[in-house]
Each structure stands twice: as C-alpha cells, then as structure tokens.
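Some notes on the structure that comes next.
The values are calculated or read from the model by the stated rules, or taken from the named source; none is laboratory data. The shown structure was predicted, so the numbers you read here are calculated from the model rather than taken from an experiment. Cβ: placed from backbone, ideal geometry, glycine included. Neighbour counts: every protein chain shown.
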Amino acid sequence: MHKTSAWPLALVYAALIVFASLFPFSGWRAQGINPWVFASAAIPPPYWTWFDVNTNIVGYGPLGFLLALALLRSGAPRAAVPLAALAGALLSAGMEFLQIYLPRRVPSNMDLVLNAAGTLIGALLALLLERLGAIDRWSAFRARWFGTDARGAIVLLVLWPVALLFPAAVPFSLGQVLERVESALEDALDGTPFMAWLPLRETPLTPLSPGSELLCEVLGLLAPCLLAYCIVPHIGRRAVLAALGVGLGIAATALSAALSYGPAHAWEWLGAPAHVAIWVALGLAGALIALPRRACAAALLVVLMWQLSLLNQAPTSAYFAQTLQTWEQGRFIRFYGLGQWLGWLWPYAALLYVLRKVSRRDTPS
C-alpha cells in the first residue's frame, strides 16, 4: 500500500497560503483596536473587485480538495468534508486576525466567507470524485506506474511547474538564493558583533555567460525527468513523463512571462538558446532513459549540484529585480509567496530527497 501524497501537498499549500496572506512580514504594529473588528463589518465592504472574489475562492479551493482527499484516503470518509471545510475556515480566520497588525494588509469578513466557501467547494469536489470512482482509478494508475515509495517524488514533480510560475532569472532554473541570503544576513546583523562572523566573498559575483545560461536551462529541464525516472522503472512510461514534464515546464514559463510582462510577451523568452536547451534536455533525457533507478538518482544529484553551483555564483540582473517589483506590489501580492519560496527551495528539497534515495541500501534498481 502506498502513502497518499495529499497530506504533504496540503501542508505545503497551507504554508504557502500563510506566506501569501502575511507577506511582507514587516511593519507589525498594534492599532489599539479589537483584532476581530473586521468580523462585524458590513458585507460587501466598500471597496471590492471581482478579481478579489475569484482569487479568494480559487485560492482556498485546492486546500479543501487536498485536505478532503487526504482524509478520504486515510479512512475518514464521513468526516472528510466537514473537517476540511473547518480547517480552511479556521486558517482563513487566523490570517484575517493577523492582518490587522500589518499595515499593507486589510482584513475582511468577506475574504473569510469566500475563503471558507472555496475550501468547501474544493472538499465537495474531492468527495464527488471519490463517489464517481476517480480517486480509486488514480490509485490503480499510480500503483501501475510508480513504486510504493514514490510519494516524495510525486509531491516534488507536482510542485515543479508551480515553482516555475515565479519569475526566474534564467528559464527553468530554480534555487538562485545566495545573493538574497547574503543581503538578508547583512541587513539582520548590521550593527551587531555578529557582523564580523559573516564570511567575506573572495571574488565578486559575475554574470553567467551565454553558455552557462544554456547549461543551466538544460540542467533545469533534465532534473524533473531524472526525478521521474527514480520512481518509474518502465522505459516507455519514462518517455511519456519526460515529454510531459518538459511540456509543463514550457507552459509554466510562458504563463510566468505572461503574468510578468503581459500576454503579448508570453513567448519572448523562447529564443534560440531556449530552443536549443529544450532539445538538448530532451536528447539527454532520452539517452539516460534506460538507467537503473539508483543510477538515475546519482545522475540527478550531479545535475542539481551543478546547476545550483552555476546559478549561485551569478548575480540577478537589475532588469530582473525590476520584474520582481511587479510581483511584490499590486494584485500580485496575493500570489507573491505561492511561487517564490517554491522557486527558491524546490531544488534543495529535491537534493535532500535524492540524497536519501541514494543512501538507502534497499533501493531497487
């Protein structure tokens, strides 16, 4: 029997909701009023848009779906929908309560109602799919395609295209965090004795060469392919997942560009270097398709470490920093945390997973 992937996905999604709801985590202050004052305000509030209505419902829908699915798969069919709906409502209430202390966020009882409704809709959808037999068919499909220990890899594979939605300095390249970490540490330790503990960089960060950017794109596309190979022994199924993964990566990157620069610029990133990277990645995925699963894990370890080493020796461009500002302000503030942390942490989570995979002696080949 395999363990359901719904629990870890639900926890990850709940954490992303917390981040998106409380970003930018600065300027906390007490206003001297009851934090629950929003609960008695008029519905609807004076200022609202259909964008807010739709995002509040859609934003909590996946949480309700995943929680209900996890409870259904855990043997609690009768309590799945009410428990999932209650959890979503309580999470939303907590976020609205805390937003009263943030100057850039405005708590709203309308948001609370819409979030609870979105959670309930998602939970009911999971119950409907369960009653129609779709969940059992998925379980049978998963048993045919993947191993019994595939939960961690499946979660990572599901999150990979979502992580690409946050703008990346280099297409398909996740985990470029060193410059931001150093800057955050300097700001946090400025004026303290611990500032002297920070290691001094021997050489300044230098921009990636065109060849290095191309290599990062290739490695970024190859990583999810190798991750899928780690849990799928059948060569034909590996080919299907590799093609699907590359296709999802292209689609997610195009959507990210459309959100960042406008729909008319969705495909501007897909120039000659990106075309070459896509075909090279597909060729390498095909060349490695027959590797044993442990060898795939070892190859993935090399790919992740190589890409992270290249990316974190380069600075982000000023043009890219300007792009991020459009995500940090306005309506993108609601989605800012959903992809940012995934984009930063996905390769490191995959690295931990593959290290565990390689170190296990009982991993079948």
Requested in this report: Could you check, for segment 149-163, whether at least one of its residues is surrounded by 11 or more Cβ atoms within 10 Å (Cβ to Cβ), at pLDDT 90 or above and assigned to a loop (DSSP other than H, G, I, E, B)?
Outcome: no
Query raised in the report: Got a sec? Which of Ala295, Ala257 is surrounded by 16 or more Cβ atoms within 10 Å (Cβ to Cβ) and either under 23 Å from the mean Cα position of the chain (by Cα) or outside the structural domain of Leu208 (by TED's automatic domain parsing) (or both)?
Result: Ala257
Query raised in the report: In the set Leu9, Leu102, which member is assigned to a helix (DSSP H, G or I), modelled with pLDDT of 80 or more and out of contact with any Cys (no Cβ under 9 Å at 6 or more places or on another chain)?
Result: Leu9
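Name the single residue that is surrounded by the most Cβ atoms within 10 Å (Cβ to Cβ) among those in segment 260-292 being in contact with a Ser or Thr (Cβ under 7 Å, 6 or more places away or on another chain) and over 30 Å from Phe146 (Cβ atoms).
Initial filter on segment 260-292 (in contact with a Ser or Thr (Cβ under 7 Å, 6 or more places away or on another chain)): 260, 269, 292.
If we keep only those that are over 30 Å from Phe146 (Cβ atoms) too, we end up with 260, 269.
Details: Ser260: 19, Trp269: 21.
Ranking the qualifying residues of segment 260-292, first place goes to Trp269.
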Report task. Evaluate segment 230-243: report whether one residue or more is under 28 Å from Glu182 (Cβ atoms) and of a type outside the set (A, V, I, L, M, F, W, C). Result -> no
Report summary line: For Pro107, the lone unmet condition from (1) touching a helix residue (DSSP H, G or I) at 6+ places or on another chain (Cβ under 7 Å); (2) assigned to a helix (DSSP H, G or I) is (2)
Query - One residue from Gln340, Gln322 being crowded, with 16+ Cβ neighbours inside 10 Å, at pLDDT below 95, assigned to a helix (DSSP H, G or I) and of a type outside the set (Phe, Trp, Tyr) - result: Gln340
Query raised in the report: List the pairs whose first member sits in segment 228-255 and is more than 20 Å from Cys216 (Cβ to Cβ), whose second member is of a type in the set (S, T, N, Q) and surrounded by 16 or more Cβ atoms within 10 Å (Cβ to Cβ), and whose Cβ atoms are under 9 Å apart, counting only residues at least 6 apart or on separate chains?
Result: Cys230/Thr363
**Report entry** Unmet requirement for Ala290, which otherwise passes all of (1) in a helix (DSSP H, G or I); (2) more than 23 Å from the chain's Cα centre (by Cα)
**Finding:** (1)
Query raised in the report: When you go through Leu83, Leu112, Leu127 one by one, which is the residue that is under 18 Å from Leu22 (Cβ atoms), part of a helix (DSSP H, G or I) and at pLDDT 85 or above?
Result: Leu112
Query raised in the report: Within segment 168-191, which residues are over 19 Å from Leu351 (Cβ atoms) and modelled with pLDDT of 80 or more?
Result: Ala169, Pro171
**Report entry** Any hit, segment 111-127, residues being in contact (Cβ under 8 Å) with a residue 60 or more places away in the chain, touching an Asp or Glu at 6+ places or on another chain (Cβ under 7 Å) and farther than 25 Å from Leu11 by Cα
**Finding:** no
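Which is closer than 19 Å to Leu156 by Cα and either crowded, with 16+ Cβ neighbours inside 10 Å or touching a helix residue (DSSP H, G or I) at 6+ places or on another chain (Cβ under 7 Å) (or both), of Leu310, Leu300? Lay out the reasoning, then the answer.
Working: Leu310 fails: closer than 19 Å to Leu156 by Cα.
Every option except Leu300 fails the conditions.
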Query raised in the report: Among the residues of segment 191-207, is there at least one that is surrounded by fewer than 21 Cβ atoms within 10 Å (Cβ to Cβ), assigned by TED's automatic domain parsing to the domain that holds Leu342 and of a type in the set (Gly, Ala, Ser)?
Result: yes
